[in-house]
Amino acid sequence: MTLCAVVLGAPAAGHTAPTANAFCAGLKRAVAPRASAADAVFIRSYDPGTDEAALPAGLATTAFVYDNALVAIALIACGNVSDARPIGNGLSRAVGKDRSFDDGRVRNAYRAGAVNKVAPDLPGWWDGHANIWAEDAAQDGTSTGNVAWAALALLTLHQATGDPQYLADARRLIDWVIDTTASQDGFYGGFHGYDPKQVKLTWMSTEHNADVHAAARWLFRLTGDPKYDGAAGQAKRLLDRAFRGDHFLLGTKPDGSLADEGLLALDAQLWPWMAIPESLPAWKSTLGFAKAHLGVDGGFDFNGDRDGLWVEGTAQAALAYRIVGDTHESDRLLGNLKADQTSSGLLNAARPARLTTGLSIDPTGGDPDFFYYRRPHLGATAWAALAETGWNPFTGKRIR
């Protein structure tokens, strides 16, 4: 669990293999000073890009739970449990106490910095034009997938430390998923909006259900509680339904019908079989589909419009290639990502100035307005470190 080094295959002619542990070292350089600020912390997800004086107000204090969960897992994969623990403690405090709800959920984001209050603060900013304290409805909401990622991080910390509190909090998170988002053949998207009343999201996501399956199966292995085995099977039913022979759809629409065929996302092609190692061999064919339909020079785009390289997704693909035994392609992708590492140690989220996704920030619908920018990003860096160490975050195991 706490090993960092991995012996990569020899570099092939024509490309440069990544420097040993370059991404682990960069992650530590960027995160360690922030993680050491307190015994419980959240780390800001983005830093300003080279052409920015500051982050937009909506991101300036934002620590996304997904990014922080990934970083905690990646730090452990890199052998750095000490810096992972404060992040895990921040997640535990969020599970234990919320400013409005008492059901074990975590929000999509918290305010970056030390967690000194019983209930962690949510991100926000002062809007001088409207003369109000402003918050973001998506950040205040709760995505089912983010809850599952928080559980995966806590399970990884429990595995590394033996601390029973991490296991107890992971159970509470997945219990919340089971109790509040279950449908007949999968789990709904979560909740969106401001306190105290939020909108239930009745669509289902391929990604979210892969996450829930992984966390529930892990809990079943540890506890033997049949409800977690049942939850894993329930999530897999959605994945089976979304598989179309050589690729996965995004999931379902709010009315339960399958998502449009034209909407593609890279992580939806990779996560289901990374999360379920014993899945059908046909599921791994989605890696070839992704290369054919989402591949760009040097890596992968988020979606099928191929308007640039998505750094986080390319790192995910590098890990996926390691899982299927193609170390040559994994090394090639990781070597290419060295160009995206900034002086802070973090990798930029995208190689172009702006990368489209075809998705909306508002999960209840709207015009596509979710973009990635060329800004240093925790999530992209964490995935690169996971690929570098050959660590599968869905199973808590190194790839042999």
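The values are calculated or read from the model by the stated rules, or taken from the named source; none is laboratory data. All values derive from a computational prediction rather than experimental measurement. For neighbour counting, all protein chains shown are included, and Cβ atoms are generated from backbone atoms with ideal geometry for every residue, glycine included. Keep in mind that these areas ignore ligands, DNA and RNA; they rest on the heavy atoms of the full protein, side chains included. Shrake-Rupley method; radii C 1.70, N 1.55, O 1.52, S 1.80 Å.
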If you go through region 316-330, how many residues are surrounded by 24 or more Cβ atoms within 10 Å (Cβ to Cβ) and either more than 19 Å from Val71 (Cβ to Cβ) or in contact with a His (Cβ under 6 Å, 6 or more places away or on another chain) (or both)? 4
Cross-chain or 6+ apart pairs with Cβ under 7 Å, region 209-235 first and basic (Lys, Arg), then open to solvent by 10 Å² or more (accessible area, probe 1.4 Å): Lys227/Ile178
Please work out if Arg111 is closer than 18 Å to Ala170 by Cα, charged (D, E, K, R) and surrounded by fewer than 24 Cβ atoms within 10 Å (Cβ to Cβ). no
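Taking region 92-139 only, how many residues are among the basic types (Lys, Arg) and farther than 24 Å from Ile178 by Cβ?
2
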Members of region 363-381 that are assigned to a strand (DSSP E or B) and either basic (Lys, Arg) or under 20 Å from Gly193 (Cβ atoms) (or both): none
So, restricting to strands (runs of 3 or more DSSP E) that lie completely within region 108-213, which ones have at least 3 residues that are farther than 17 Å from Ala63 by Cβ and not aliphatic (A, V, I, L, M)? 186-192, 199-204
Could you please tell me which pairs satisfy a Cβ distance under 7 Å, a separation of 6+ or placement on different chains, a first residue in region 45-72 that is over 30 Å from Ala215 (Cβ atoms), and a second residue that is charged (D, E, K, R)? Pro48/Arg375; Gly49/Arg374; Gly49/Arg375
Do any residues in region 251-277 that are at positive phi have Cβ atoms under 6 Å from those of residues that are open to solvent by less than 40 Å² (accessible area, probe 1.4 Å) and not acidic (Asp, Glu), where the two are at least six apart or on different chains, and which pairs are they? Gly251/Met204; Gly251/Ser205; Gly251/Thr206; Gly251/Ala242; Gly251/Ala259
Tally time: how many residues in region 237-271 are assigned to a helix (DSSP H, G or I) and under 26 Å from Asp301 (Cα atoms)? 11
(1) of a type outside the set (S, T, N, Q); (2) open to solvent by 40 Å² or more (accessible area, probe 1.4 Å); (3) over 17 Å from Gly379 (Cα atoms); (4) in contact (Cβ under 8 Å) with a residue 60 or more places away in the chain all hold for Gly124 apart from (2)
So Asp98, is it part of a loop (DSSP other than H, G, I, E, B), modelled with pLDDT of 95 or more and open to solvent by 50 Å² or more (accessible area, probe 1.4 Å): no
Determine whether region 297-310 contains at least one residue that is outside any loop (DSSP other than H, G, I, E, B) and without any contact (Cβ under 8 Å) to a residue 12 or more places away in the chain. no
Those residues that are touching a strand residue (DSSP E or B) at 6+ places or on another chain (Cβ under 9 Å) and not in a helix (DSSP H, G or I), I need them from region 326-342; list them, please. Gln341, Thr342
As an exercise: evaluate Asn21 against (1) open to solvent by 10 Å² or more (accessible area, probe 1.4 Å); (2) at pLDDT 95 or above; (3) polar (S, T, N, Q); (4) under 25 Å from Phe394 (Cβ atoms) and give the number of the one condition it does not meet. (2)
Which count do you get for residues in region 239-253 that are surrounded by fewer than 15 Cβ atoms within 10 Å (Cβ to Cβ) and either basic (Lys, Arg) or in contact with a strand residue (DSSP E or B) (Cβ under 8 Å, 6 or more places away or on another chain) (or both)? 2
Considering every residue within region 125-134, establish whether at least one is within 23 Å of the chain's Cα centre (by Cα) and of a type in the set (D, E, K, R). no
Where a residue in region 361-385 is under 10 Å from Leu346 (Cβ atoms) and open to solvent by 10 Å² or more (accessible area, probe 1.4 Å) and its partner, wherever it lies, is aromatic (Phe, Trp, Tyr) and at pLDDT 95 or above, with Cβ under 6 Å and at least six apart: Arg375/Tyr46
Unique residue being under 30 Å from Ala138 (Cα atoms) and either among the aliphatic types (A, V, I, L, M) or crowded, with 24+ Cβ neighbours inside 10 Å (or both) when the list is Gly313, Gly358, Gly304: Gly313
Tell me yes or no: at least one residue of region 275-293 is buried (at least 18 other Cβ atoms within 10 Å of the Cβ) and under 18 Å from the mean Cα position of the chain (by Cα). yes
